[in-house]
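Colleague: Let me give you the structure first, and then I'll get to my questions.
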Amino acid sequence: MSDTKLARWPEPIAFIDLQAQQARIRASLDCRIAAVLRHGRYIMGPEVAELEARLAEFVGVRHAIGVSDGTTALMLALMALEIGPGDEVITTPFTFFATGEMISLLGAVPVFVDIDPATLHMDIASIEAAITPRSRAIMPVSLYGLCSDMVAIEAVAARHGLAVIEDGAQSFGATRDGYRSCSRGTIACTSFFPSKPLGCYGDGGACFTNDDSLAAVLRELRVHGQRQRYEHARIGLNGRLDTLQAAILLAKLEIFETEIGERAESGARYTELIRSRLTAPEVSIPVVPDGCVSVYAQYTIRVAGRDAVCARLERRGVPVAVHYPRCLHQQPAYAAAPFQAGPLPAAERAAREVMSLPMSPAMDPSLQAFIVDALADAL
C-alpha cells in the first residue's frame with residue numbers, strides 16, 4: 001500500500017511537547033514570572049542566585065554559575081582554564097558545531113577522535129593516542145541524554161595532567177554509576193535551550209565546578225571580567241542568565257525529578273515496541289549501559305537509508321530530526337590545516353544513519369505505538 005493511504009494520528013504530533021509540560025506548571029510559572037515583573041530586577045535578579053543554589057544541590061557540586069546559553073558556558077569554561085592559541089582540546093566530531101567552535105574561537109585546536117559505535121560518545125580508548133605536548137583538556141559530549149563515562153575519562157586525564165570539560169548540553173539530569181551528569185570533571189557545562197531536558201523559554205545555560213577558584217573566575221568572566229562594579233580583573237564577556245529565564249527554570253525544577261522518570265519510561269517503551277515490531281538489522285536502538293539513567297534528550301535510532309525513511313515518516317505526519325548529518329571534521333570550517341582530521345569511520349557512519357523520533361516526558365503509549373508502526377511501514 002502507498003504510504004499516502006496509510007493512517008495518520010488524529011492530531012498533529014509534536015516532536016517535543018512543551019505545551020503539555022507548560023500546563024503542568026502553569027500556576028507556579030505564572031507566579032514566578034509575575035514576581036520578576038513586580039521587582040523589576042531583570043538582570044542578575046534574586047531568582048538567578050536561587051536557581052544557582054538549587055542547581056548546585058541537584059547536581060551535587062559546590063558551584064553552579066548561570067550563564068546566557070550553553071555555547072557561552074563552553075567558552076567560559078575554556079577561558080577560565082586559560083586555553084588559547086597553541087593549545088589542543090581533544091573532543092568528539094559527532095556533536096553540535098558549538099563544541100568545536102568554542103575551542104577554535106579562542107585560538108586553540110580541536111583534536112577529533114572517533115566515537116564508540118554503540119553509545120555514539122567519544123571512544124575513550126582513542127583518547128590517549130591523540131594526546132600531544134600541546135594537549136590541555138579533554139571535552140567529552142554526553143550525547144542524546146546519556147552521561148559520558150566521566151570516571152574513565154578522568155583517569156586518562158589524570159595520567160597526563162589534563163583538564164576535563166563535560167559538554168552536558170543534552171544530558172542534564174542523567175545519572176551514571178551514582179553520579180549525575182555535570183557533577184564531575186574540572187568544569188561541566190549545560191544548556192537550557194527550550195528543547196533540552198531542562199529547558200527555559202529562550203536561551204540559557206550553566207557551568208558547574210567544585211573548584212572555588214575556578215568558580216570565582218567564571219563569575220567574573222560572565223560579567224566582562226568584573227570583580228566589583230567598574231573593576232575589571234580580566235577580559236570577559238556578557239554571559240549573564242536573564243532573571244526571567246531563571247524564574248522559568250525554577251518552576252520547571254519542581255517537576256524535573258518526575259520528568260526524568262517519565263523520560264526513562266518513554267524511552268524504555270520505545271525500545272520495547274521497536275524490539276517487538278522490528279528485527280535487529282533494520283534498526284539500531286539507543287544503548288543505555290548498566291548503571292545509567294538516560295534523560296533521552298532525543299530518542300535516536302540508526303537505520304540504513306535514513307533520509308528515505310525520514311521522508312516517509314514525515315508524510316505520515318510523524319516529525320523526525322537528524323542530530324547530526326555531518327561530522328565536525330567534515331564541515332567546511334575545518335577543511336584546512338590545522339583542523340584536518342580523519343577518516344573517522346564510526347562517526348561518519350553514524351552521521352549517515354541517525355534519526356530521532358518524537359520524545360517528551362509522559363508520552364501517550366498509543367502515540368508511541370503508532371510512531372513505531374509508522375516506522376515499520378517506512379522501512
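The values are calculated or read from the model by the stated rules, or taken from the named source; none is laboratory data. Computed from a predicted structure; not experimentally measured. As a convention, Cβ positions derive from the backbone with ideal geometry for all residues, glycine included, and neighbour counts pool all protein chains shown. With ligands, DNA and RNA removed, areas are computed over all heavy atoms of the protein, side chains included. Shrake-Rupley method; radii C 1.70, N 1.55, O 1.52, S 1.80 Å.
Colleague: Sort 37-46, 62-71 by packing, meaning the average of other beta carbons within 10 Å per residue, with the highest value first.
Modeller: 62-71, 37-46
Colleague: A further question follows. Loop-only check: which GluC sites (Glu not before Pro) in the stretch 1-96 are DSSP coil with at most 14 other Cβ within 10 angstrom?
Modeller: Answer by residue number: Glu82.
Colleague: So if I take the centroid of the Cα atoms in the stretch 159-202 and the same for the stretch 89-150, what is the distance between those two points in Å?
Modeller: 14
Colleague: Label the stretch 113-217 by shape, choosing from rounded, prolate and oblate, from the square roots a ≥ b ≥ c of the eigenvalues of the Cα gyration tensor; if a/c is under 1.5 it is rounded, and otherwise prolate applies when a/b is larger than b/c, oblate when it is not.
Modeller: Note, shape of the stretch 113-217 comes out oblate.
Colleague: Using only the Cα atoms of the chain, what are the Rg and Dmax in Å?
Modeller: Final numbers for Rg and Dmax: 21.0, 71 Å.
Colleague: Given the rule -39500 (n - 2.57) for each run of at least 4 DSSP H residues, summed and divided by the residues of the chain, what is its mean residue ellipticity at 222 nm, to the nearest 500 deg cm²/dmol?
Modeller: -12000 deg cm²/dmol
Colleague: Here's a follow-up. Express the Stokes-Einstein translational diffusion coefficient of the stretch 303-368 in µm² s⁻¹, to the nearest whole number, given a Kirkwood radius over alpha-carbon pairs, 10 °C and a viscosity of 1.306 mPa s.
Modeller: Calculated translational D: 114 µm²/s.
Colleague: Same structure again: What residues qualify as long-range amide H neighbours of His63, i.e. H under 5 Å apart, gap of 5 or more or another chain, H built at 1.01 Å from N?
Modeller: Thr209
Colleague: In terms of the Cα gyration tensor, with a ≥ b ≥ c the square roots of its eigenvalues, is the stretch 206-351 rounded because a/c is under 1.5, prolate because a/b exceeds b/c, or oblate?
Modeller: Verdict is oblate for the stretch 206-351.
Colleague: Enter the accessible area per residue of the chain (Å², integer; probe 1.4 Å; all protein chains in place).
Modeller: 42
Colleague: Equivalent-ellipsoid semi-axes (√(5λ), Cα gyration tensor) for the stretch 67-126, whole Å, largest first?
Modeller: 21, 14, 9
Colleague: From zero up to wherever the largest Cα-Cα distance of the stretch 1-100 sits, split into 10 Å bins and tell me the percent of pairs in each.
Modeller: That works out to 10, 22, 29, 20, 13, 6, 0, in percent per bin.
Colleague: Where the centroid of each part is defined by its Cα atoms, how far is the stretch 248-289 from the stretch 208-230 in Å?
Modeller: 37
Colleague: In sequence order, what are the phi-derived ³J(HN,Hα) couplings for the stretch 320-328 according to the Karplus relation 6.51 cos²θ - 1.76 cosθ + 1.60 with θ = phi - 60°, rounded to whole Hz, with x for glycine and proline?
Modeller: Whole-Hz 3J(HN,Hα) from phi for the stretch 320-328: 9, 9, 10, 10, 8, x, 9, 5, 4.
Colleague: Working out 0.36 nm times the residue gap between Asp30 and Leu105, then minus their Cα-Cα distance, what length gain in nm do you get to one decimal?
Modeller: That works out to 23.1 nm of additional length.
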